[in-house]
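What follows is a short report on a single structure.
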Amino acid sequence: MDSAIDLAAYLRRIGYRETPAVDARTLHGLAVAHAGAIAFENLDPLRGVPVGLSPGSLERKLVRGGRGGYCFEQNLLFAAALRAIGFEVHGLIARVLWNRPEDAVTAQTHMLLRVELDGASWLADVGFGSMTLAGALRLRPDEAQPTALEPFRLLERSGEWRMQVCVRGDWFTLYRFDLQPHPTIDYEVANHYVSSHPDSHFVDHLTVARTLPDRRLTLRDREFTVRRVDAEPERRTLHDTAEILRALREEFLLQVPDDAVLERKLAALPGG
């Protein structure tokens, strides 16, 4: 997988001012900075624009274009940056279980990363929307690990791993996966489904998220929510397109495309 991106431009984009090194401190710091600066968003699928995954496409859109993206874009960009620094990175693929039964059979539509560092394995995931991992986890089962926000943990049984998050005292599964590395083509196929299939919720619903060190911001259609650890969520409804556009620019720091199709899609969101 080609990792030819402008590392200096990426570091400026996420506001990372330290000198990066191949160590755990840098891995954590980059993940937190990335999640805070580059929003999870699906504006392109919503307006019917193809989502490109080449390094050039990712750099133009997420680094230089002031946009965000979803898991494949976010984690492929993060992997390219890590490799440019000198990290050994492998892409994994997962079946999402967030807000679904534990035994649900779902498609492999989520990407995460395995990072090898000083003889140990870590997991990173800067692209899980409302529950993006703010940091990195050691690949160890049954151990609650602190992050900048909620604790996370990994469960393992017969080679299958589950990523879980603790929200106000209760553990919830985000997704399940194995440790088999995947080539780019697997993400291309999953990306095509997620970005264009009529059953994909990214095609008809607005999903935006930004993970800061002290709070999570989400926008689902017209519902804007601020979540802080150990506090009740703060919710409000955005009633018109102007409010939605203002939130995208001011809360999620996005350079929103000037696109009539997007404006029609936003105006037609449920709850208006």
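Net charge of the neighbourhood of residue 196, taken over other residues with C-beta under 14 Å away and scored Lys/Arg +1, Asp/Glu -1, is -3.
With contacts taken as Cα pairs under 8 Å and at least 6 residues apart, the chain reaches a relative contact order of 20 percent.
Karplus-derived 3J(HN,Hα) values for the stretch 126-136, using 6.51 cos²θ - 1.76 cosθ + 1.60 with θ = phi - 60°, are 9, x, 10, x, 5, 10, 4, 6, 8, x, 8 Hz; glycine and proline are entered as x.
The charge dipole of the stretch 199-267, taken about its Cα centre with unit charges on the Cβ atoms of Lys, Arg (+1), Asp and Glu (-1) only, comes to about 180 debye.
Do the sum for the chain: with -39,500 (n - 2.57) for every DSSP H run of n ≥ 4, divided by all residues, what is the mean residue ellipticity at 222 nm, to the nearest 500 deg cm²/dmol? About -8500 deg cm²/dmol. With a cut-off of 15 Å on the backbone N, the residues of the stretch 124-160 near the modelled label site 7 Å out from residue 179 along Cα-Cβ are 124, 137-143, 154-160. Pairs of Cα atoms nearer than 8 Å and 6+ residues apart set the relative contact order; for the stretch 199-267 it is 21 percent.
Between the alpha-carbon centers of the stretch 32-52 and the stretch 161-207, tell me the distance in whole angstrom. So the separation of the two Cα centres works out to 14 Å. Here the dipole of the chain is about 460 debye; that uses its Cα centre as origin and unit charges on the Cβ of Lys and Arg (positive) and Asp and Glu (negative). Each pair of Cα atoms in the stretch 199-267 enters the Kirkwood radius, and Stokes-Einstein at 4 °C and 1.567 mPa s then converts it into a translational diffusion coefficient of 101 µm²/s.
The residue list 209, 159, 242 was ranked by how far each Cα lies along the charge dipole of the chain toward its positive end, using unit charges on Cβ atoms, and 242 comes out on top. Look at 175, 193 and count the other Cβ atoms within 10 Å of each Cβ; fewest to most, that gives 193, 175. Enumerate the amide H contacts of residue 175 below 5 Å, restricted to partners 5 or more residues apart or on another chain; note that Pro and chain-start residues carry no placed amide H. Here 97, 163 satisfy the definition. Taking θ as phi - 60° and the Karplus parameters 6.51, -1.76 and 1.60, the scalar couplings of the stretch 33-43 work out to 5, 4, 4, x, 9, 10, 5, 6, 7, 10, 4 Hz in sequence order, x denoting glycine and proline.
Counted over the chain, the DSSP beta bridges are approximately 95% antiparallel.
Values quoted throughout were computed directly from the atomic coordinates according to the rules given, and no laboratory measurement underlies them. Everything numeric here is computed off the predicted structure, so don't read it as measured data. Heads up, the Cβs are rebuilt from the backbone with ideal geometry, glycines too, and the neighbour counts pull from every protein chain shown.
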